[in-house]
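Structure first, commentary second.
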Amino acid sequence: MHRVGSAGNNTNSNRPRKEKRLAYVLNDTADTKHRAGINCLAVLKSSALDGCDYLFTGSRDGTLKRWALGENAATCSATFESHVDWVNDTAIAGDSTLVSCSSDTTLKTWNCLSEGTCTRTFRQHSDYVTCLATAEKNTNVVASGGLGGEVFVWDIEAAVTPVSKSNDVVEDDCSNSMNGSANLLPISSPRTISSSNSIRTHTTQCHGYVPIAVKGHKESVYALAMNGSGSLLVSGGTEKVVRVWDPRTGSKNMKLRGHADNIRALLLDSTGRLSLFSFRYCLSGSSDSMIRLWDLGQQRCVHSYAVHTDSVWALASTPTFSHVYSGGRDLSLALHDDSIWVATTDSSVCRWPAEGRTPQNVFQRGGSFLAGNLSFSRARVSLEGSTPAPVYKEPIFTIPGTPAIVQHEILNNKRHVLTKDAAGSVKLWDITRGVVIEDYGQGYVFAVSIYPFSNFNVQVSFDKKKEQLFEMVSIPAWFTADTRLGCLSVHLDTPQCFTAEMYSVDLNITGKPEDDKVNLARETLKGLLVHWLAKRRQRHGSQASANGAVVSGKDMTARSSAHSRIEVDGNAENDSLVYPPFEFSTVSPPSIITEGSQGGPWRKKITELDATEDEKDFPSWVLDCVLNNRLPPREKTKCSFYLHPCEGSAVQILTQGKLSAPRILRMHKVVNYVIEKLVLDKPIDSLNTDGTYAAGLGGQPQHSAGGEGSLRSGLKPWQKLRPSIEILCNNQASQSYVKCYYAIG
């Protein structure tokens with residue numbers, strides 16, 4: 001997936017406007033498992049409402065999931081889908097608000113106990129949002145940090161509260177992450193955080209709630225931590241410095257130096273030990289493999305823990321701060337009662353026992369997780385000089401995930417994509433239907449017998465399978481694909497996506513003339529939006545029937561005038577009929593990722609599009625295509641080629657000029673041309689009455705009728721035969737019944 005950045009003002013008004021793209025993410029499994037590594041964890045303790053504990057997981061597949069926890073069991077009870085890139089961190093604010101941040105530069109808030117409803121989207125950050133921190137006692141306060149060096153402090157309750165209609169209403173970037181016309185928030189400081197002149201508010205393009213911007217970082221921020229009352233904030237990142245802030249005033253209290261590499265994890269002691277501040281201790285984990293304990297009252301490091309051999313990316317502590325758990329690179333930790341949840345990059349989550357009495361325990365392969373008793377004496381620490389030994393080799397329980405796709409290849413028929421996942425499983429996808437049409441398992445295995453030896457199995461690699469699937473066909477590249485989200489994502493960009501066409505006979509579409517050309521992108525878009533179109537017609541009712549289900553006058557007129565030229569696809573019917581080769585699965589439906597003229601990028605499953613999405617939420621070229629059968633202008637370029645007798649052939653050499661063909665050309669038509677112009681070279685009446693060749697035509701064998709028919713109706717009898725002629729292209733033979741296409745020249 002392409003990186004999503006914040007929009008900026010275009011100072012050059014003459015610069016051509018880049019059209020928004022539409023992408024869709026394919027899935028072949030039930031929506032109860034993550035399909036990429038887990039970046040973050042959060043635990044919500046049981047409430048009086050349902051009495052159930054919940055675990056929330058945020059993944060590189062762009063989704064969050066809620067797991068209802070039982071004894072050695074976890075059930076996925078909801079999927080939160082709206083982010084269009086990796087979910088990097090998540091936190092729980094208050095009793096029922098889930099906050100998430102993403103590489104799509106946004107923060108989103110959700111109702112924890114909903115079925116996945118996004119209540120607000122915030123776009124203040126200019127780059128990836130990497131970390132969050134919450135105040136346990138002051139439940140409204142959340143801090144966010146990102147790669148842009150920005151740190152914002154939010155009052156979540158104020159941020160998600162809609163304003164009254166009496167206020168000036170301006171456009172906001174969020175409403176279920178889809179519509180850009182929601183009620184907006186008043187521009188005010190957080191109610192629980194007093195403002196002062198030292199706070200610099202951060203203005204954005206949208207006029208809505210404005211958080212407090214804490215200024216000071218010059219480089220990326222990777223870690224944040226906040227004390228229970230929300231009166232202290234610590235941050236760290238690529239500057240290798242721990243910065244201490246008062247989020248109520250935005251002022252910087254101190255800078256702590258000592259790490260030799262990026263700071264990746266931070267923890268604050270919120271037990272209220274008396275000192276100059278209402279807190280005292282801070283822990284930091286770094287890519288230099290060190291964990292440092294800082295006394296904030298003395299403003300210095302009081303101990304360094306050299307217990308890791310690589311980066312420290314995660315820290316978690318018991319409520320009393322007596323024991324701390326640390327995790328290595330790409331790991332996430334969350335404490336839950338007498339156990340600890342551990343997530344890694346393999347899309348699964350494991351639950352391990354949390355030993356609170358023993359000062360040294362290792363829970364993970366290679367000693368990645370360490371629990372230690374933090375002695376607050378500067379003289380000795382129980383972990384010093386010890387070599388921890390594994391206590392638990394297997395977790396109590398594992399929530400399995402689906403292995404992420406790590407390799408893909410678009411085949412030359414431009415409809416199938418071969419993929420390989422992290423477990424080695426190889427699959428063949430049809431991207432115009434969004435389904436797996438062949439699952440080869442973990443490599444493709446077949447039996448081989450060599451006498452006198454017995455059979456043995458040979459495993460075919462991904463590259464070998466790609467070679468086996470090669471077809472003598474050339475179709476323009478009308479889409480791109482990537483696996484950034486651990487899934488296969490297909491991207492459509494206008495006008496390039498409309499360059500590929502195929503004949504209906506080659507797509508096995510019944511009820512259409514064989515010679516009809518089918519635009520692959522147009523039919524794919526119709527298949528993706530068939531549910532939206534159906535519900536849109538229902539909502540519009542009789543008005544939609546009267547208007548032929550087109551965009552209303554002023555909107556479409558203005559939208560069409562933005563394009564200098566638009567051509568209507570005269571070869572396709574102006575209806576919503578979806579042909580079988582373009583019907584997407586409703587069992588594992590794909591998700592659309594796109595962006596309209598207002599708001600920002602959004603993501604939703606195609607079966608969950610309920611027509612409340614405004615037409616401004618879609619790119620205008622998509623609506624022009626599916627509603628009005630309008631396609632962008634295409635150059636009338638033809639491909640040119642020469643026909644010559646093959647070397648060594650007895651066919652007479654005839655002088656032929658350069659030939660040209662339209663955007664696509666079936667090999668059968670080339671064969672017919674060869675027969676008529678180069679082989680027969682005599683009147684059609686040379687044919688016998690039964691449709692076979694007369695004797696003496698260059699020694700050609702006689703053919704009986706009934707071969708593959710021509711694409712055109714009303715042809716001469718010989719044109720309906722299957723001639724014994726080989727056409728070579730790039731020295732590769734292609735018989736007449738092989739479907740071969742030339743790319744647009």
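The values are calculated or read from the model by the stated rules, or taken from the named source; none is laboratory data. These figures come from a predicted structure and were not determined experimentally. A quick note on method: Cβ atoms are made from the backbone with ideal geometry, for glycine too, and the neighbour counts reach across all protein chains shown. Ligands, DNA and RNA are excluded from the accessible area calculation, which covers all protein heavy atoms including side chains. Shrake-Rupley method; radii C 1.70, N 1.55, O 1.52, S 1.80 Å.
Here are the numbers:
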{"quantity": "FRET efficiency for T586 and C729, using Cβ-Cβ distance with R0 set to 41 Å, rounded to 0.05", "calculated": "0.50"}
{"quantity": "Separation of alpha-carbon centers, segment 576-649 and segment 74-137, rounded to whole Å", "calculated": "30 Å"}
{"quantity": "Rough spin-label spacing in nm, given labels placed 7 Å along Cα→Cβ, for E635 and K464", "calculated": "4.2 nm"}
{"quantity": "Difference of contour (0.36 nm per residue) and Cα-Cα distance, L643 to E394", "calculated": "82.8 nm"}
{"quantity": "Sum of side-chain charges, S284 neighbourhood, beta-carbon under 12 Å (Lys, Arg +1; Asp, Glu -1)", "calculated": "+3"}
{"quantity": "Label-point separation in nm, D515 to E471, each point 7 Å along Cα→Cβ", "calculated": "2.3 nm"}
{"quantity": "Förster radius 25 Å - calculated FRET efficiency between A611 and N508, Cβ distance, rounded to 0.05", "calculated": "0.20"}
{"quantity": "V307 accessible area, 1.4 Å probe, all protein chains in place, Å² to nearest 10", "calculated": "40 Å²"}
{"quantity": "Filter on K517/K638; K65/K605; K512/K636; K420/K605; K414/K535 - keep pairs with C-alpha separation over 19 Å", "calculated": "K512/K636; K420/K605; K414/K535"}
{"quantity": "Size of electric dipole in segment 25-72: Cβ of Lys, Arg +1 and of Asp, Glu -1, about Cα centre, debye, nearest 20", "calculated": "160 debye"}
{"quantity": "Net length gained if the chain between T161 and K18 were fully extended (0.36 nm per residue, minus Cα distance)", "calculated": "48.0 nm"}
{"quantity": "Label-point separation in nm, A534 to Q299, each point 7 Å along Cα→Cβ", "calculated": "6.7 nm"}
